[in-house]
Amino acid sequence: MKKKQIGGLVIAVVLFIVTGVSSVLTNTFSERMIEKSMAQMLADNVEFQPPSNDYIAVVKVVGTIQEQTAAGMFDADMGYQHTTTMEYIDNLMSDGYNQGILLYVDSPGGTVYESEELYLKLKEYKESTGRPIWGYMAHYAASGGYMISMAADKIYANPNTTTGSIGVIMSGYDMTGLYEKLGIRYVSITSGANKDSSRLTDEQIAIYQEQVDEYYTKFVNIVSEGRGMEAETVKKLADGRVYTANQALNNALIDEISLYEDMTTAMSSELGAYEFYEPESTMDFWTSLFAKAESVIPKSEAQILKETAAEMESGVPMYYAEQLR
């Protein structure tokens, strides 16, 4: 073998080893960096610097209401950020220049937990400050998106808004038939008859129905309080259907139909504050790059199973409009 060939072979081996070691180190480093959740990383990089004069704060709820998510520098839509929004409202409570909140909703709803937590935080804001909240519904303000709007003193909707869908859904898939066709035998060893819900019995369905009914009653009561209606009146409207803006207005689910600009003009005039403020993200290049790196790190079996379960419905109760999927 010629010297040049030997030299080339040695270089190739060295490069192979270096590449392998580098890959391991990169994955390990990246995994440790991402141990700090991308959600918190995003929250840490939202800057609250309101004006030093009277202003109205815009609180945007855009997308599915759920646990905080994170997106990288190449994603146009960051989606709803729960932790960031909750912290933002906390900051507004202690700012004397803030004169009120414009709650901008463009959401088909989301999880029971986060929807109600945000609703209660908005209620806390009103009770602790005495300041008003005005709501504006964009494309959608359905189910959980409608629930959070119940914290508003006045609700405006775009002429083409889809709203309503007052109800609860808990769904999943029974995969046992598919397993049988594929020759897969599912085995579970449980401590009780209701621990395994892979193939629901009538008794188990009844158990989950009780939970759905409980969340539904809570939703109805929130709407009853927010709209000043009798609970029985709300129930007649709360069969899960969605409403157009005109239908919602005729059923007293909203107060006015308006374009966004007209609504902001009316709000400014009544509150005497003419500047609208919302915080901006200060996420730098490297932080955003590490957030994006999450998508290229090899996923563990646990992560894959978790994501698959989420895609196939996890059985989590949702204030969510299935019609808007």
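The values are calculated or read from the model by the stated rules, or taken from the named source; none is laboratory data. What you are looking at is a predicted structure, and each value in this text was computed from that prediction instead of being measured. FYI the Cβ positions are ideal-geometry reconstructions off the backbone, even for glycines, and counts take in every protein chain you see.
Taken as a whole, region 145-153 holds no residue that is modelled with pLDDT of 95 or more, over 26 Å from residue 243 (Cα atoms) and touching a Phe, Trp or Tyr at 6+ places or on another chain (Cβ under 9 Å).
Each row is one residue, and each column tells you yes or no for (1) at pLDDT below 95; (2) in contact with a Lys or Arg (Cβ under 9 Å, 6 or more places away or on another chain); (3) among the charged types (D, E, K, R).
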{"site": "57", "(1), (2), (3)": "no, no, no"}
{"site": "61", "(1), (2), (3)": "no, no, no"}
{"site": "64", "(1), (2), (3)": "yes, no, no"}
{"site": "68", "(1), (2), (3)": "yes, no, no"}
{"site": "71", "(1), (2), (3)": "yes, yes, no"}
{"site": "79", "(1), (2), (3)": "yes, no, no"}
{"site": "88", "(1), (2), (3)": "no, no, no"}
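When we screen 273, 248, 302, 310 for residues that are in a helix (DSSP H, G or I), at pLDDT 95 or above and of a type in the set (A, V, I, L, M, F, W, C), the only hit is 248. Just the residues that are among the hydroxyl-bearing types (Ser, Thr, Tyr), within 30 Å of residue 174 (Cα to Cα) and without any contact (Cβ under 8 Å) to a residue 60 or more places away in the chain, please, taken from region 209-234. The answer is 216, 217.
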